[in-house]
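Pasting a structure here, questions to come.
Each value in this text was obtained by applying a stated rule to the coordinates, not by laboratory testing. Keep in mind that this is a model prediction, so the values were computed, not measured. Cβ placement follows ideal geometry from the backbone for every residue including glycine, while neighbour counts extend to all protein chains displayed.
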Amino acid sequence: MSDEKLKLEDLLNDAKQPIIHDAIEYVAIIGAGVMGQGIAQTVAAAGIDVIIIEKDEEQLEKAKESMKSAMMYEIDRWAMTESEMKSILSRINWNLDLNEVSECDLIIESVAENFHLKRLIFNRLDEIARPETIFVSNTSTLSLTTLAEVTRRADKIIGMHFLNPVPKVPLVELVKGMDTSDETVAIIKSFASTIGKTAIEVYEYPGFVTTRAIIPLLNEAMHILLEGIASAKDIDTAMKLGFNFQMGPLELADSMGLDEVLTWMEQLYKTLGEPRYRPCPLLRKLVRERKLGKKSKVGFFRYNNDGKIIE
């Protein structure tokens, strides 16, 4: 009798656990920028089919060439084989039609850090996607709860904040909104593991962990340069050798995209009101001049086609 009671208790406990459907076989990525390309490459490398959606043919072709070029560079340095590149590219479908995501198991939004644009996309996706499809935002500063308000699936909205370069950085921040279900969190944790990422859970708050911690460092390095205390090269050398950074703060800002860094600073400063997030005037100047870092081949440093600093 005691054994039967124990079995019954086990069954009841199992019934309380969320049912995890971990068969994510088709992933859509909205936005083929640097982050979108990196996410697509990472997901495809894990053996999962991907569709990338962009707004126009020009951006789509540019993204194709950029992704192939990045992988060719990895092949040249023996970090990837040509067969691996072909395998990854064979799993990626490029498209301009948002309606093509209707059969996807997971949709990852990776457009510019623009609150109204992201809400418009989520609202449209909610009409197109299947009811069980999970929506992910790659936002680094915005509220998932507020983004979820324009959908009928708030329980299936979650943040996955990837870091650049996505294929190489093993971390992803999982951001749970107010209504995100435990089942959604469990599914996305499993997905993160499948694509080779270590997931940390963070509370919904501007900047989460990584962006909030790194932005003051980048801002201070920019002020040091602005004040003429040291050259950009020497500032980065000091941080790399002094604190074992793989990349100096100014090159890191360049690799993130100076326009993106400026947007993050403005968002954090607006939301939190703390001076350490107020953008350095030098950053504003560079963005105004369209010197956006590695993607424009000039920022705090000048870069060649392989993204290496030109000495």
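How far, in degrees from 0 to 90, does helix 2-16 lean away from the longest principal axis of the Cα atoms of the chain, to the nearest 10?
Relative to the chain, helix 2-16 is tipped by roughly 50 degrees.
Pairs of Cα atoms under 8 Å, at least six residues apart: use those to get the relative contact order of the chain, whole percent. Walk me through the numbers on the way to the answer.
Details: 493 pairs, mean separation 41.4, N = 311.
RCO, the chain: 13 percent.
Return the sequence-ordered ³J(HN,Hα) values of the range 46-55 in whole Hz as given by the Karplus equation 6.51 cos²θ - 1.76 cosθ + 1.60 applied to θ = phi - 60°, using x for Gly and Pro.
Running phi through 6.51 cos²θ - 1.76 cosθ + 1.60 with θ = phi - 60° gives 8, x, 10, 6, 10, 10, 9, 10, 10, 7 Hz.
Now for a different question. What residues qualify as long-range amide H neighbours of Ile29, i.e. H under 5 Å apart, gap of 5 or more or another chain, H built at 1.01 Å from N?
Amide H to amide H, under 5 Å and 5 or more residues apart or across chains, Ile29 pairs with Ile51, Ile52, Ile53, Ile108.
Also, I was wondering about something else. Could you give the angle, 0 to 90 degrees to the nearest 10, between helix 258-272's Cα long axis and the longest principal axis of the Cα atoms of the chain?
Roughly 70 degrees, rounded to the nearest 10.
Do you know the Lys pair count in the range 226-311 for C-alpha distances under 23 Å, with sequence separation 8 or more or different chains?
Number of lysine pairs found: 19.
Can you pull out the trypsin sites (Lys or Arg not before Pro) in the range 16-111 whose DSSP state is coil and whose Cβ has at most 14 other Cβ atoms within 10 Å?
Lys55, Arg77
Another question, if that's okay. Please get the size of the charge dipole for the range 31-96, origin at its Cα centre, with Cβ charges of +1 on Lys and Arg and -1 on Asp and Glu, quoted in debye to the nearest 20.
That gives the range 31-96 a dipole magnitude of about 160 debye.
Between Lys86 and Lys55, what is the FRET efficiency for a Förster distance of 25 Å, r being their Cβ-Cβ separation, to the nearest 0.05?
Between Lys86 and Lys55 the formula returns 0.35.
Quick one: compute the contact order of the range 210-296, relative version, from alpha carbon pairs under 8 angstrom and 6+ residues apart, as a percent.
33 percent
Hey, in the GNM for the chain with a 10 angstrom Cα cutoff, which one of Trp94, Trp78, Trp264 fluctuates hardest?
Trp78
Apply the Karplus parameterisation 6.51 cos²θ - 1.76 cosθ + 1.60, with θ equal to phi minus 60°, to every residue of the range 32-41 and state each ³J(HN,Hα) to the nearest whole Hz, in sequence, with x for glycine and proline.
Result, ordered by residue: 10, x, 4, 5, x, 4, x, 5, 4, 4 Hz.
So, in Å, what gap is there between the alpha-carbon centers of the range 57-130 and the range 192-224?
22 Å
Return one number: the angle in degrees, 0 to 90 and rounded to the nearest 10, between the long axis of the Cα atoms of helix 232-243 and the longest principal axis of the Cα atoms of the chain.
50 degrees
Same structure again: Ranking request for peptides 136-142, 23-29, 113-119: highest mean number of other beta-carbon atoms within 10 Å first, then the rest in descending order.
Result, highest mean Cβ count within 10 Å first: 136-142, 23-29, 113-119.
Related question: Around Leu268, what is the net charge, scoring Lys/Arg as +1 and Asp/Glu as -1 over all other residues with Cβ under 12 Å from its Cβ? Mind showing how you got there, number by number?
Working: positive: Arg212, Lys270, Arg276, Arg278; negative: Glu113, Glu266, Glu274.
Around Leu268, the surrounding residues sum to +1.
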